[in-house]
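Every read-out reported here was derived from the displayed coordinates using simple, explicitly stated rules and does not represent laboratory data. Just so it is clear, the model here is predicted, and its values are computed rather than measured. For neighbour counting, all protein chains shown are included, and Cβ atoms are generated from backbone atoms with ideal geometry for every residue, glycine included.
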Amino acid sequence: MHLLQARTPAPLKLQAPGQALSQVDVVYKFGGSSVRDAERMREVADIVCSFPEHLPCVVLSAMGKTTNMLLECGELALSCHTDQIGSLPPLRAIRDLHLATCAELGVEPPVRAEVERLLNELQQLLIGINIMQDLTARAKDSLVSFGERMATRIFASYLRSQGVPARQHDAWDLGFTTDDNFGNGDIIYDDTLPKVCAALTFKPGAPRELPIVTGFLAKAKSSRAITTLGRGGSDLSATVLGAALQLKEVQVWKDVDGVLSSDPRIVKNTRPVTELTFEEATELAYFGAQVLHPLAMQPAIRCGSLSVRVKNSYNRTAPGSVITATRDLSNTVVTSIVLKPNVTMVDIHSTRMLGAHGFLSKVFDVFARHQVSVDVVATSEVSVSLTLDPKRIWNDGEVDEEIDRLVYDLERIATASITRDAAIVSLICNVSRTSEILQRSFSVLLREGISVSMMSQGASKVNISLVIDAADGQRAVKALHEEFFGSEGCGCNGDGAAQ
Ligand SMILES: Nc1ncnc2c1ncn2[C@@H]1O[C@H](COP(=O)(O)OP(=O)(O)O)[C@@H](O)[C@H]1O
Ligand SMILES: N[C@@H](CC(=O)OP(=O)(O)O)C(=O)O
């Protein structure tokens, strides 16, 4: 007997949802790591039902690595024979995972049929991509949408089978609307917030059903085609819902004990950060911490009264991290250390022009025309240096060509040189203690023999960024973490303060 079948789940109890509450009062978001298989879906259902004082709205991502596998299917569809589409290994893995989960959770027959219909539709889309030999950003968004669409249907059905009234919603049916920037749609708040609020406000006499909403997805305002909010975008879906419903809290449930003092895949003895501001969380995400989507704090900032809590679905009693508008930084030195690998540094020199007024605007005009956003900027008397993240800006195949075009245009006004293989180490920190942070950081880097080619203290006042060779990135992060957070068991309280 399968291990999962051997486990008899205790029946779920959601105490009379809606009897005490007339409105959803919290959003829970569970990412792919939290719902990777049937056993995890059961666990998540149990979490959802273990706070009977709340009436939640649940946002789900695709199960496990489904989004990656869908993208892989798209790439493979471009190079295989049409007859081979049905047996592409990632497509088979997606089919097996979702049908096995339906079986193990005993989802209702009509929902299983719906999942099968979606799997067939997915295969048809891949055949279309194969015949057209064209995988556009628009087609990619439709392709990856199947992950969230299947996961939410299965989960809602499982809740219902356990006696919990639940209803699946595709985010676009609730009003999630973006611009037509496929792959990275920008939420159009003025359209989205009122529609979502109206759609999820219970009508008098209507049944109270837990809304189970697809994360990551929306529809474009003008084309009405499916769009996505960028990788990891379900965090943003959750905070958009929180803002639309004017809630006090959104909880994003991950596979770690909250936002950590560094990336646990690089540093072994990380510790949870108990409190962060929206600004700290945004900088941390923007500069590479995968734990949150870089734009996820925007709805909370707009809303004013919303806080975001990061919790661990594998360790539900851990307090997690709370993200709010302000916090007391007086005991904080460093909050978290983040590594952004694979950045490109652009050095622009001009002995003649740099001091002349309008020069910097000409430089940034070139970047604007190429639609390139820059991460870190530093200027000297004769040069301006900046970094960009090619992977975030261009598709894999087009990076070299696009950089060449950018340099060509920059060289009309100055000389420009490119350094690939750079990395940014960002210290999310209390910038009012800059002197201490820089003194300690540079003595660590000196000891490690790591040189810094550029540094910048963001206007945000929560971030000091150091640009180094990519090859030194992980070593620098480990050494800086040791300096500011100590080694395991040091009694450091997670705020990076000197001991
Ligand atoms: N500073 C950090 N704090 C917490 N997690 C981090 C950090 N940097 C990187 N991570 C990684 O982010 C992962 C959680 O994000 P993600 O995989 O997107 O979760 P989910 O799929 O649940 O949304 C963790 O497993 C961890 O490896
Ligand atoms: N499934 C999408 C959206 C998302 O937010 O996923 P996760 O919550 O697992 O990071 C992705 O993989 O990008």
Exercise for review: Determine the distance separating the Cα centre of the stretch 253-283 from the Cα centre of the stretch 89-105; give it in Å without decimals.
Suggested key: 32 Å
Exercise for review: Just grab the label-to-label distance for Gln23 and Thr317, each label 7 Å out from Cα along the Cβ direction, in nm (one decimal).
Suggested key: 3.5 nm
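Give me the number: length gained by fully extending Thr82 to Phe364, i.e. 0.36 nm times residue separation minus the C-alpha to C-alpha distance, one decimal in nm. Intermediate results must be reported in sequence, preceding the final value.
Working: separation 282, 0.36 × 282 = 101.52 nm, distance 4.60 nm.
Full extension from Thr82 to Phe364 adds 96.9 nm.
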Check your understanding: Per 5 Å bin, what percent of the C-alpha pairs of the stretch 3-255 does each bin hold, from zero upward?
Key -> 1, 7, 14, 18, 19, 17, 12, 7, 4, 2, 0, 0
Check your understanding: Mind checking the alpha-carbon convex hull of the chain and giving the volume per residue in Å³?
Key -> 171 Å³
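Helix hunt in the chain: which complete DSSP H runs extend at least 27 Å axially by C-alpha with mean Kyte-Doolittle at least -0.5?
On the way: long enough: 109-132 (34 Å, 0.31); 137-161 (37 Å, -0.14).
The answer, listed by residue number, is 109-132, 137-161.
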Review point. How far, in nm, would the chain grow between Glu482 and Ala199 when pulled straight, counting 0.36 nm per residue and subtracting the alpha carbon separation?
Key: 97.0 nm
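Suppose a student asked you for the relative contact order of the stretch 334-485, using Cα pairs under 8 Å spaced at least 6 residues apart; what percent would you report? Write out the running numbers ahead of the final one.
Details: 251 pairs, mean separation 49.4, N = 152.
Over the stretch 334-485, the number comes to 33 percent.
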Review point. In angstroms, what radius of gyration and Dmax does the stretch 339-409 have, counting Cα atoms only?
Key: 12.6, 37
Check your understanding: Using only the Cα atoms of the stretch 258-393, what do you get for the radius of gyration and for Dmax, in Å?
Key -> 18.6, 62
Exercise for review: Apply 1/(1 + (r/R0)^6) to the Cβ-Cβ distance of Ala206 and Lys461, taking R0 = 51 Å, and write down the FRET efficiency to the nearest 0.05.
Suggested key: 0.60
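Scaled to the compact-protein estimate 2.2 N^0.38 Å, what is the alpha-carbon radius of gyration of the stretch 74-169, rounded to two decimal places?
Working: Rg = 14.7 Å, N = 96, 2.2 N^0.38 = 12.5 Å.
Output field value: 1.18.
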Check your understanding: How do the peptides 240-248, 469-477 rank, highest first, by the average count of neighbouring beta carbon atoms within 10 Å per residue?
Key -> 240-248, 469-477
Practice item. Would you please give the FRET efficiency between Phe442 and Asn331, computed as 1/(1 + (r/R0)^6) with r the Cβ-Cβ distance and R0 = 22 Å, to the nearest 0.05? Key: 0.45
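What percent do you get for the relative contact order of the chain when only Cα pairs under 8 Å and 6+ apart count? Before the final figure, lay out the partial values.
Details: 995 pairs, mean separation 63.2, N = 499.
Relative contact order for the chain comes out at 13 percent.
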Check your understanding: Using 0.36 nm per residue, how much length does the chain from Val399 to Phe51 gain when fully extended, once their Cα-Cα distance is taken away?
Key -> 120.5 nm
**Study point:** Debye-sum result for the stretch 199-264 in log10 I(q)/I(0), which assumes one identical scatterer on each alpha carbon, at q = 0.23, 0.24 Å⁻¹
**Key:** -1.14, -1.18
Review point. Label 7 Å along Cα→Cβ of Arg420; the stretch 436-458 residues with amide nitrogen under 11 Å?
Key: none
**Study point:** For the stretch 334-485, diffusion coefficient by Stokes-Einstein and Kirkwood Rh (Cα), 4 °C, 1.567 mPa s, µm²/s
**Key:** 79 µm²/s
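Per residue, how big is the convex hull of the stretch 437-481 when only Cα atoms are used? Give it in Å³.
Cα-based convex hull of the stretch 437-481, divided per residue, equals 74 Å³.
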Revision key, fill the gap. Against the 2.2 N^0.38 Å rule of thumb, the C-alpha Rg of the stretch 117-270 sits at a ratio of 1.17
Exercise for review: For the stretch 385-425, just say rounded, prolate or oblate: build the C-alpha gyration tensor, square-root its eigenvalues into a ≥ b ≥ c, call rounded for a/c under 1.5, and beyond that prolate if a/b exceeds b/c, oblate if not.
Suggested key: oblate
Review point. Over 29 Å between Cα atoms, which of Lys65/Lys195; Lys140/Lys268; Lys221/Lys254; Lys254/Lys391; Lys362/Lys478; Lys195/Lys248 qualify?
Key: Lys65/Lys195; Lys140/Lys268; Lys221/Lys254; Lys362/Lys478
